[in-house]
Amino acid sequence: MTEPGGPHAHPAPPASSAPPGCPAHAGAVPLTGLEYQQTPSQLYRALRREHGPVAPVVLDGGIPAWLVLGYSELTYVTGHDELFARDSRRWNQWENIPPDWPLLPFVGYQPSVLFTEGEEHRRRAGVITEALEGVDQFELSHDCLLIADDLIGRFAGSGHAELMAEYAHALPMRAVVQLCGMPTSGEDTSRLVDDLRISLDAGEGDDPVAAYGRVGERLRRLVEEKRSVPGPDITSRMLTHPAGLTDEEVVQDLISVIAAAQQPTANWICNTLRLLLTDERFAVNVSGGRLSVGEALNEVLWLDTPTQNFIGRWAVRDVQLGGRQIRAGDCLVLGLAAANTDPQIWPEGHVGAENAAHLSFSNGEHRCPYPAPLLADVMARTAVETLLERLPDLVLAVNPEELTWRPSIWMRGLSALPVRFTPVVR
């Protein structure tokens, strides 16, 4: 991330001042203040209809970019690092980025695995992979079950709950920080998770840049603690790996691991619960059969993927993509949600959960490292199944159309999920 007052500390121009040839030409759509925020699929359909698989867009402050909407185009971008790379220092817009730009936590260069390329990326990603492989999935499932029981026990006697805050966000938060060797509760941990949320999905009045700085400070303290007293956790395994990562490299990569695991998994849980509670296909029918929790989890990854869009890739040289002329240094936003519903892969207009070829964990060398998707699945599946088992008559406390989505083009998650059920007295 660029320091305030550094070389990139220049005011962002309005979209209309974009230089000739950049993507912010007439017809470019702003990815902020969208009227489609509650139903982004309408936006993606409109963009695809008007612009094809690659659409010109503008980010906060009128900064031009390209939104990759097509499934085949997105897999091409993510599969060709030699053309579309991750090091954001290539960006041709840095002179227009102010020091308090809200998307800096996404794009400001850091010595993180997210921005590495080639052999260095394989080295860093390998450390994360081996650290995650040290997690026993059965033990994680058991720990998540205990966390779920504790959380459910806090509201089970009341007969009502707001599942987003009281359950879906809290469970993966506690599971992830425990895996990293931090206390699962307490003000320190809660502040860390809140700052991560602000960094990834800032609301009105939030300061994502300051929040990201606080996340780094807390994890630096954790790394210092684990250097002195290592334990059976992800942080310690990263620190003691033969690759010899520096403390700062471990801090930056831990931010990536925790951020990727916590909020997206929370949204995955809540989006799946919404589907189960609102779609009659998942209700028990007269023959006693129903679509499974696993099918619901997979369908959500196709239709309501927790990470809608990801920024991004930067063109290494001038290149054609989806009929567009992409200039060296242009920014490409990966439209994961749009690609998952691309009519080219669902020609009959039916998007189903028949397979796992979605792009919700991205694609190529920079996709979520194995076994991260499996660990996220353990958390999400355990959370959903345990809740339905403990509260079998769980129903929405409002009409389905009253549910609202957080106003974000980046993440896909509900503002709240209020439910009611028969109180359970232990």
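At a glance:
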{"read-out": "Shape box of the stretch 295-404 [Cα atoms, principal axes, largest first, Å]", "value": "57, 32, 26"}
{"read-out": "Peptide ranges 415-424, 39-48, 106-115 listed from the most packed, as the mean C-beta count within 10 angstrom indicates", "value": "106-115, 39-48, 415-424"}
{"read-out": "Value at 222 nm in deg cm²/dmol, rounded to 500, when DSSP H runs of n ≥ 4 in the chain each add -39,500 (n - 2.57)", "value": "-13500 deg cm²/dmol"}
{"read-out": "Mean Kyte hydropathy of 0.5 or more with a Cα span along the axis of at least 24 Å, helices from DSSP in the chain", "value": "372-390"}
{"read-out": "Derived scalar couplings ³J(HN,Hα) [the stretch 310-325; Karplus, 6.51 cos²θ - 1.76 cosθ + 1.60; whole Hz; x for Gly, Pro]", "value": "9, 10, x, 10, 10, 5, 6, 8, 4, 7, 8, 8, x, x, 10, 8"}
{"read-out": "Kirkwood hydrodynamic radius (C-alpha pairs) into Stokes-Einstein, the stretch 114-226, 20 °C and 1.002 mPa s, D in µm²/s", "value": "132 µm²/s"}
{"read-out": "Sequence ranges 399-405, 295-301, 148-154, ranked by mean other-Cβ count within 10 angstrom, highest first", "value": "295-301, 148-154, 399-405"}
{"read-out": "Alpha-carbon centroid distance for the pair the stretch 29-70 / the stretch 301-329, whole angstrom", "value": "12 Å"}
{"read-out": "For the chain: relative contact order, % (alpha-carbon pairs under 8 angstrom, 6 or more apart)", "value": "24 percent"}
{"read-out": "The chain shape via C-alpha gyration tensor axes, a/c threshold 1.5", "value": "oblate"}
{"read-out": "Mean projected area (nm²) of the alpha-carbon convex hull when the stretch 183-224 is viewed from all directions", "value": "3.0 nm²"}
{"read-out": "Antiparallel %, DSSP beta bridges [both residues in the chain], to 5", "value": "80 percent"}
{"read-out": "Dipole in debye (nearest 20) - the chain, about Cα centre, beta carbon charges: Lys, Arg +1; Asp, Glu -1", "value": "340 debye"}
{"read-out": "Accessible surface of the chain [probe 1.4 Å, protein heavy atoms]: carbon and sulfur percent", "value": "53 percent"}
{"read-out": "Spatial separation of Cα centroids for the stretch 235-273 and the stretch 145-193, in angstrom", "value": "18 Å"}
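The values are calculated or read from the model by the stated rules, or taken from the named source; none is laboratory data. It should be emphasised that the depicted structure is a prediction, and the values quoted were computed from it without experimental measurement. So basically every Cβ, Gly included, is an ideal-geometry build from the backbone, and we count neighbours across all protein chains shown. Only protein heavy atoms, including side chains, enter the accessible area calculation; ligands, DNA and RNA are left aside. Shrake-Rupley method; radii C 1.70, N 1.55, O 1.52, S 1.80 Å.
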